[in-house]
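Notes for the one structure printed next.
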Ligand code: G
Ligand code: G
Ligand code: MN
Ligand code: NA
């Protein structure tokens with residue numbers, strides 16, 4: 001297929017880029033982290049969204065190479081931002097399941113000089129559905145390096161709670177669907193419970209997709225520590241001169 005063919009050459013043609021979205025401390029308003037979000041500048045189609053090309057990259061296993069590139073780029077850019085904020089990188093199940101994955105992470109840290117404690121890997125339930133033993137081993141190796149692990153899209157999967165029991169994540173990211181509906185008291189109650197869960201388990205909690213002051217106020221009131229979303233900043237390239245923030249959808 002055409003898109004697959006294009007995807008195969010995209011790395012060597014330097015068509016990928018990363019946009020960064022700030023993560024803020026809800027109490028102080030300070031930027032304490034950034035999430036790296038992959039973008040593909042297709043020569044004909046323009047910006048192709050990850051929703052379109054990541055499934056294809058996973059099927060073809062091209063995500064292993066693309067993901068390694070993203071890790072190296074994000075680690076280098078974390079230093080270029082010139083502050084002490086963490087850098088979060090999304091990792092897909094195919095990538096995480098590679099025997100050399102921990103080594104790829106270590107190589108990116110070494111090449112950039114970024115301290116391990118400033119790197120955070122975001123994984124979803126699909127990562128955790130793989131062969132449990134080697135998975136836990138990889139998570140432990142990364143942890144020993146000092147890299148943090150965040151459980152992304154929390155609350156949308158089939159068994160989010162059982163994963164919290166099996167592995168000590170550093171962070172839970174509440175899926176943006178809960179934030180979109182947080183004005184609803186039932187949804188607010190669920191968010192309150194997740195924040196409480198994080199506190200009891202010693203995990204930081206980030207709310208995703210915060211778009212309004214009202215949502216931020218509710219989250220602050222519930223004791224949620226961190227947030228990201230269009231209210232605080234859209235994903236944008238490191239050097240604003242070479243591109244534009246993502247357009248509103
Ligand atoms: O930025 P956007 O909403 O279009 O991202 C859509 C999805 O693509 C996100 O949910 C995110 O998990 C995924 N994604 C973005 N960047 C990366 C990446 O570098 N690697 C992987 N595996 N997934 C990514
Ligand atoms: O699954 P993951 O959390 O990695 O996906 C992050 C995605 O959410 C990115 O594609 C990003 O563009 C999108 N995003 C970030 N902030 C907001 C927001 O405030 N509202 C909405 N609707 N999407 C957002
Ligand atoms: Mn994410
Ligand atoms: Na998410």
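The values are calculated or read from the model by the stated rules, or taken from the named source; none is laboratory data. None of the values given here were measured: they were computed from a predicted structure. As a convention, Cβ positions derive from the backbone with ideal geometry for all residues, glycine included, and neighbour counts pool all protein chains shown.
Here is a yes/no grid of residues against (1) in contact with a strand residue (DSSP E or B) (Cβ under 6 Å, 6 or more places away or on another chain); (2) surrounded by 20 or more Cβ atoms within 10 Å (Cβ to Cβ):
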{"position": "146", "(1), (2)": "no, no"}
{"position": "158", "(1), (2)": "no, no"}
{"position": "164", "(1), (2)": "no, no"}
{"position": "172", "(1), (2)": "yes, yes"}
{"position": "216", "(1), (2)": "no, yes"}
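Would segment 89-106 turn up any residue that is crowded, with 21+ Cβ neighbours inside 10 Å, under 25 Å from residue 200 (Cα atoms) and more than 14 Å from ligand 2 (Cβ to nearest atom)? No, every residue in segment 89-106 fails to be crowded, with 21+ Cβ neighbours inside 10 Å, under 25 Å from residue 200 (Cα atoms) and more than 14 Å from ligand 2 (Cβ to nearest atom). For the residues 123, 182, the requirement of being within 19 Å of the chain's Cα centre (by Cα) and within 14 Å of ligand 2 (Cβ to nearest atom) singles out 123. Checking each residue in segment 98-140 for being more than 16 Å from ligand 4 (Cβ to nearest atom), in a helix (DSSP H, G or I) and modelled with pLDDT under 95 picks out 132, 133, 134, 135, 136, 137, 138, 139, 140.
Taking the numbered list (1) away from ligand 3 (no atom under 16 Å from the Cβ); (2) touching a residue at least 24 places away in the same chain (Cβ under 8 Å) in turn, residue 170 passes all entries but (1).
Going through (1) within 16 Å of ligand 2 (Cβ to nearest atom); (2) buried (at least 19 other Cβ atoms within 10 Å of the Cβ) one by one, residue 68 falls short only on (1). Looking only at residues in segment 154-166 that are without any contact (Cβ under 8 Å) to a residue 40 or more places away in the chain, under 18 Å from the mean Cα position of the chain (by Cα) and outside any helix (DSSP H, G or I), which one is nearest to ligand 3 (Cβ to nearest atom)? Looking at the filtered set, the residue picked out is 156. Tell me which residues, restricted to segment 15-33, are touching a strand residue (DSSP E or B) at 6+ places or on another chain (Cβ under 7 Å), in contact (Cβ under 8 Å) with a residue 40 or more places away in the chain and away from ligand 4 (no atom under 14 Å from the Cβ). The answer is 16, 17, 18, 19, 20, 22, 24, 25, 26, 31, 32.
Counting residues in segment 45-61 that are part of a helix (DSSP H, G or I), closer than 29 Å to residue 97 by Cα and in contact with a strand residue (DSSP E or B) (Cβ under 6 Å, 6 or more places away or on another chain) gives one or more. Among the residues of segment 28-35, not a single one is assigned to a helix (DSSP H, G or I) and within 18 Å of the chain's Cα centre (by Cα). Sub-8 Å Cβ pairs linking a first residue in segment 111-124 that is over 17 Å from residue 173 (Cβ atoms) and free of Cβ contacts under 8 Å to residues at least 12 places away in the same chain to a second residue that is part of a helix (DSSP H, G or I) and more than 16 Å from ligand 4 (Cβ to nearest atom), at least 6 apart or interchain, number zero. Among the conditions (1) more than 21 Å from residue 121 (Cα to Cα); (2) more than 16 Å from ligand 2 (Cβ to nearest atom); (3) not in a helix (DSSP H, G or I), residue 192 misses just one, which is (3).
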